[in-house]
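What follows is one structure encoded as structure tokens, with my remarks underneath.
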Amino acid sequence: MRTLTSNSRETGGHLGSLFDNEAAVDEFFSPPTRGRSLPKLKGRERPTHYRGVSVTLYSADVERLEALLRVLKERGHTRANKSMIIREALRQIDLDLIPPQR
């Protein structure tokens, strides 16, 4: 592992010499070193009124969601986003209208 010299410069999480092309290429393609991750915020509580979730949607559903978003933006809802559309759909769903599974 190379040490930081006065001719070295920090770029993108890797240390590379500004004038040493071979070393720069080696460091660009080498895996990042351990211990270089962002520091965790200490003493700061996470919000409890929301959580991030990941869902998988069919391509047609994603296209429909994006089309709905475009229409909302055209209608002046400048702060609309996909999460807002999904939240509104959850508020309006009537489970009695969902057909039973076969």
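The values are calculated or read from the model by the stated rules, or taken from the named source; none is laboratory data. Owing to the predicted nature of the structure, the values given are computational and were not obtained by experimental measurement. We place every Cβ from the backbone using ideal geometry, glycine too, and count neighbours over all the protein chains shown.
Can you confirm whether the range 54-62 contains a residue that is among the β-branched types (Val, Ile, Thr), modelled with pLDDT of 90 or more, under 22 Å from the mean Cα position of the chain (by Cα) and surrounded by 10 or more Cβ atoms within 10 Å (Cβ to Cβ)? Can you show your working first?
We begin by selecting, within the range 54-62, every residue among the β-branched types (Val, Ile, Thr); these are 55-56, 62.
When the remaining residues are screened for being modelled with pLDDT of 90 or more, the result is 55-56, 62.
In the following step, the residues that additionally are under 22 Å from the mean Cα position of the chain (by Cα) were identified as 55-56, 62.
Still in the running and surrounded by 10 or more Cβ atoms within 10 Å (Cβ to Cβ): 62.
Scanning the range 54-62 turns up at least one residue that is among the β-branched types (Val, Ile, Thr), modelled with pLDDT of 90 or more, under 22 Å from the mean Cα position of the chain (by Cα) and surrounded by 10 or more Cβ atoms within 10 Å (Cβ to Cβ).
Consider Val71 carefully, then state whether it is aliphatic (A, V, I, L, M) and over 18 Å from the mean Cα position of the chain (by Cα). Break it down into steps so the answer makes sense when it comes.
Values: aliphatic (A, V, I, L, M): yes; over 18 Å from the mean Cα position of the chain (by Cα): yes.
Criteria met by Val71.
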- List, please: which pairs have Cβ atoms under 7 Å, are six or more places apart or on different chains, and start with a residue in the range 71-93 that is farther than 22 Å from Tyr50 by Cα and end with one that is modelled with pLDDT of 95 or more and surrounded by 10 or more Cβ atoms within 10 Å (Cβ to Cβ)? Leu72/Ala80; Lys73/Ala80
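In the range 45-97, what residues are charged (D, E, K, R) and not in a helix (DSSP H, G or I)? I'd like the intermediate steps shown before the answer.
Within the range 45-97, the first condition is being charged (D, E, K, R), and the residues that meet it are 45-46, 51, 61, 63-64, 66, 70, 73-75, 79, 82, 87-88, 91, 94, 96.
Those that are charged (D, E, K, R) and not in a helix (DSSP H, G or I): Glu45, Arg46, Arg51, Arg75, Arg79, Asp94.
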